[in-house]
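Below: one structure, written as structure tokens.
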Amino acid sequence: MWKAMIDRLLRGMIADGLLVLKWPDGSTSRYGPGGEIEVKGHLKDESILRDIALRPQLAIGEGYMDGRLVLENDDCYGFLALMVRNLHRGTMPPWFRAADSLRIATRALATRNGVARSGRNVRHHYDISDDLYARMLGEDMQYSCAYFARPGLSLEQAQAAKKAHIAGKLLLEPGMRVLDIGCGWGGMAMTLVRDYGARVVGVTLSENQLATARARAEKAGLAGQVEFRLMDYRKLDERFDRVVSVGMLEHVGLPQFPTYFQRVHDLLAPGGVALIHAIGNLAKPHATSPWLAKYIFPGGYIPAQSELAPAIEKARLATTDLEVWRGHYGPTLHAWRDRFEASLDWVRTQYDERFIRMWRFYLCACEAAFEEGPQAVFHYQLARDQYAVPVTRDYLYSEDAAQMLHAAQ
């Protein structure tokens with residue numbers, strides 16, 4: 001029965017490309033007409049059939065981690081790209097659509113991230129090893145989408161370009177007080193201090209990130225101009241000229257969007273400007289992958305614009321600019337994946353093979369989501385007063401702005 005259910009699912013789903021699947025009994029099936037992506041896989045034992053039939057999105061990832069799903073040449077990315085591409089093209093059976101609809105309907109319950117739960121969620125992902133992140137991300141440890149402003153940029157150049165582009169949208173002036181919500185390992189905050197003369201407060205819920213950010217600021221001689229705190233943004237009660245938040249909104253959770261944007265409003269001084277950089281869903285709302293929620297980002301949620309707009313409006317914030325980045329996060333993730341794979345000798349001294357396969361599956365799944373699915377990056381520029389920002393985008397492309405972007409690259 002389980003094999004028949006999976007067979008029906010794949011025959012309706014694979015409308016582009018080819019999946020050649022070997023079953024536990026040794027038989028082989030072919031799915032799809034062929035095309036750009038062709039992958040061969042082997043389901044190694046009977047136990048995985050029931051799991052995939054009942055919980056395909058969770059069980060496929062767990063099967064790969066456990067070695068019950070083996071891919072020829074370990075083509076994890078090709079397999080996931082094929083799955084994501086056809087998830088939006090093929091015809092899914094009624095039972096799959098019903099389960100997906102239920103997860104969408106209950107997505108708010110799954111992302112009720114109060115203060116205590118938010119702390120646990122962040123520690124689950126970020127407090128594993130700074131060394132792992134440094135090897136994967138590079139010296140500045142930018143763990144968000146880079147900005148490939150022109151062809152041929154290295155990852156480091158594209159990350160510097162991202163920071164320069166964000167700083168331009170913040171319309172910074174020397175001496176301005178800036179809040180960095182979800183400051184990570186401190187790279188953005190230190191750039192705003194060093195290159196733009198800002199005074200920055202960065203908040204994080206990760207003890208690893210806090211320690212690293214403070215050490216980096218001390219080493220760079222910036223400790224007197226940037227302050228890092230182990231603190232939930234909801235606990236702040238101050239005013240700032242500017243607010244920046246890069247890659248943090250994805251951790252907020254659907255029920256907390258009104259609170260998040262209300263806090264952005266309340267933390268901004270009159271005339272203040274905020275820039276929110278976050279992964280966004282270009283299609284209608286959907287639920288977080290159960291595998292990602294269990295193993296990588298508990299409490300995480302990727303919002304659609306239809307879910308953000310009401311919260312922004314309710315907070316009385318003016319959307320002064322909205323930019324959508326397409327084609328930038330796929331190359332960013334690909335670079336991270338290359339660096340992770342190049343570091344496997346070191347990784348194996350710290351982690352077991354199951355962790356390695358989990359992390360590889362994570363990076364491949366996210367890259368496939370951007371290259372084959374409806375995911376992008378949203379840049380919301382928000383203000384308490386719509387005229388706090390120039391009425392054209394010319395300021396972003398002025399000679400001074402061009403020089404800053406070129407210097408960053």
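The values are calculated or read from the model by the stated rules, or taken from the named source; none is laboratory data. From a predicted model like this one, the values you see are computed outputs, not experimental measurements. Here Cβ is always computed from backbone atoms with ideal geometry, including for glycine, and neighbour counts include all displayed protein chains. The protein model used for the area step is the full one, side chains on, heavy atoms only, and it has no ligands, DNA or RNA in it. Shrake-Rupley method; radii C 1.70, N 1.55, O 1.52, S 1.80 Å.
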In segment 108-122, residues that are part of a loop (DSSP other than H, G, I, E, B) and over 19 Å from ILE296 (Cβ atoms) total 1
Against the definition (surrounded by fewer than 18 Cβ atoms within 10 Å (Cβ to Cβ), under 27 Å from PHE355 (Cα atoms) and at pLDDT below 95), how does ASP45 come out, yes or no? yes
From GLY299, GLY327, which residue is crowded, with 20+ Cβ neighbours inside 10 Å and either of a type in the set (A, V, I, L, M, F, W, C) or touching a residue at least 12 places away in the same chain (Cβ under 8 Å) (or both)? GLY299
From the list GLY138, GLY168, GLY187, GLY182, which residue is under 20 Å from ARG339 (Cα atoms) and touching a residue at least 60 places away in the same chain (Cβ under 8 Å)? GLY138
How about segment 195-222: which of its residues are within 15 Å of VAL178 (Cα to Cα), open to solvent by less than 60 Å² (accessible area, probe 1.4 Å) and without any contact (Cβ under 8 Å) to a residue 40 or more places away in the chain? TYR196, GLY197, VAL200, VAL201, GLY202, VAL203, LEU222
Mind listing just one residue for me: the one in segment 344-372 that is in a loop (DSSP other than H, G, I, E, B) and hydroxyl-bearing (Ser, Thr, Tyr) and, of those, least open to solvent (accessible area, probe 1.4 Å)? TYR351
What residue, among those in segment 223-252 that are open to solvent by 20 Å² or more (accessible area, probe 1.4 Å) and touching a Lys or Arg at 6+ places or on another chain (Cβ under 7 Å), is farthest from SER306 (Cα to Cα)? GLN225
Would you say VAL193 is assigned to a helix (DSSP H, G or I), at negative phi and more than 22 Å from the chain's Cα centre (by Cα)? yes
In segment 207-224, how many are modelled with pLDDT under 95 and in a loop (DSSP other than H, G, I, E, B)? 2
Hey, could you check segment 123-140 for residues that are under 24 Å from TYR301 (Cβ atoms) and open to solvent by 20 Å² or more (accessible area, probe 1.4 Å) and say which is nearest to the chain's Cα centre (by Cα)? TYR126
Counting only residues in segment 148-161 that are free of Cβ contacts under 8 Å to residues at least 40 places away in the same chain and not polar (S, T, N, Q), the one surrounded by the fewest Cβ atoms within 10 Å (Cβ to Cβ) is identified as PRO151
Take residues that are over 27 Å from GLY330 (Cα atoms), free of Cβ contacts under 8 Å to residues at least 60 places away in the same chain and in contact with a helix residue (DSSP H, G or I) (Cβ under 7 Å, 6 or more places away or on another chain) and tell me which of the strands (runs of 3 or more DSSP E) falling wholly in segment 9-93 contain 2 or more. none
Of the residues that sit in segment 270-282 and are open to solvent by 20 Å² or more (accessible area, probe 1.4 Å) and in contact with a strand residue (DSSP E or B) (Cβ under 7 Å, 6 or more places away or on another chain), which one is farthest from MET358 (Cα to Cα)? LEU282
By residue number, the members of segment 162-182 that are open to solvent by less than 10 Å² (accessible area, probe 1.4 Å) and either closer than 21 Å to ASP130 by Cα or touching a His at 6+ places or on another chain (Cβ under 9 Å) (or both) are LYS162, ILE166, LYS169, ASP180, ILE181
When restricted to ALA402, ALA309, the only residue at pLDDT 95 or above and among the aliphatic types (A, V, I, L, M) is ALA309
So, PRO255, is that one surrounded by 15 or more Cβ atoms within 10 Å (Cβ to Cβ), within 21 Å of PRO374 (Cβ to Cβ) and in contact with a helix residue (DSSP H, G or I) (Cβ under 6 Å, 6 or more places away or on another chain) or not? no
Criterion: modelled with pLDDT of 95 or more and either under 13 Å from the mean Cα position of the chain (by Cα) or at positive phi (or both) - qualifying residue of ARG316, ARG263: ARG316
SER101, sole failed condition from (1) open to solvent by 60 Å² or more (accessible area, probe 1.4 Å); (2) more than 26 Å from TYR295 (Cβ to Cβ); (3) part of a helix (DSSP H, G or I): (2)
